[in-house]
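A short write-up of the structure that comes next.
Read the figures in this text as sums done on the coordinates, not as results from a lab. Keep in mind it's a predicted model, so treat the numbers as computed, not measured. Here the Cβ positions follow ideal geometry from the backbone for every residue, glycine too, while neighbour counts run over all protein chains shown.
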Amino acid sequence: MESSRAWRQSIAYLLPVFFLFSFSLQAFQVAFLKLKQRNGDPILLEPGVPYSHVAISFGDAWLHASPRKGVVELSWSLESIGEVHAILSNSREPELELLQILPVLGLPYDQDYDWDTGDRLYCSELVAKLLEIPPQPMAFDPGLWPERFLEKNGKPGLSPSDLFKELQKMGYNEEFVESSAATCELASSAQT
């Protein structure tokens, strides 16, 4: 019942976006964000990779899978999600359509990072599946991940870093945003 209510709330938020999106001319974008723990330390998923979260543009908003709120959270500002590290854009990529995201609305966040479950998603899995990017063997660093994740090494998945590399191979262009107060408008103004 709770996921049904979340799904209806997501639809109520997304319908106005769908109509606004029809008139948007900005390039399709994927944002890579730095998140922090409650104590202020950065969340690190891989050695040497400063970002730990991704969001995908949908019209003038951003969709992402949140551990607190599940899939899909709609945000009008990237600042409300985290600090922007980079945005990859592709003007040749077709924009997401409402029918593409409807099946994932209201799904819970996948705390186990299991690619093969269809009833929950983590952030880079959400973006990859929407863009039809195949998984790769996962590698959980023992210095950064709890022991229970080490048994998942080699299983299919996609980290934010893997997604970043795959998007670059697909012709996405990198845009860095200096300010943590990035919004969709700021990111799209960097293209002009």
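Quote the FRET efficiency, to the nearest 0.05, computed for Arg68 versus Asn90 with a Förster distance R0 of 25 Å and r equal to the Cβ-Cβ distance.
0.30
Between the DSSP loop rule and a limit of at most 14 other Cβ atoms within 10 Å, which GluC sites (Glu not before Pro) in the stretch 102-165 are left?
Hits after loop and neighbour filter: Glu132, Glu151.
Output wanted: per-residue J couplings in Hz (rounded whole) for the stretch 102-110, from phi through Karplus 6.51 cos²θ - 1.76 cosθ + 1.60, θ = phi - 60°, x for Gly and Pro.
Each residue's phi maps through the Karplus curve to give 3, x, 9, 4, x, 5, x, 6, 8 Hz.
Each residue of the stretch 164-173 in order: what ³J(HN,Hα) in whole Hz does its phi give by Karplus 6.51 cos²θ - 1.76 cosθ + 1.60, θ = phi - 60°, with x for Gly and Pro?
4, 5, 5, 5, 4, 4, 7, x, 6, 9
What spacing in nm lies between the two simple spin-label points modelled at Gln111 and Asp60, each 7 Å away from Cα in the Cβ direction?
With each label point 7 Å from Cα toward Cβ, the separation is 3.7 nm.
Can you list residues whose amide H is under 5 Å from Val84's amide H, if they're 5+ apart or on another chain and H is modeled 1.01 Å from N?
Under 5 Å from the amide H of Val84: Lys34, Ala182.
Each residue of the stretch 33-47 in turn: what ³J(HN,Hα) in whole Hz from Karplus with 6.51, -1.76, 1.60 and θ = phi - 60°, glycine and Pro shown as x?
10, 8, 10, 10, 6, 4, 7, x, 6, x, 7, 10, 9, 9, x
Any chance you could run the full-extension gain for Asn173 through Leu35? It's 0.36 nm times the residue separation minus the Cα-Cα distance, nm to one decimal.
Between Asn173 and Leu35, full extension yields 47.4 nm more.
Full extension from Glu97 to Ala139: what is 0.36 nm times the residue separation minus their Cα-Cα distance, to one decimal in nm?
11.9 nm
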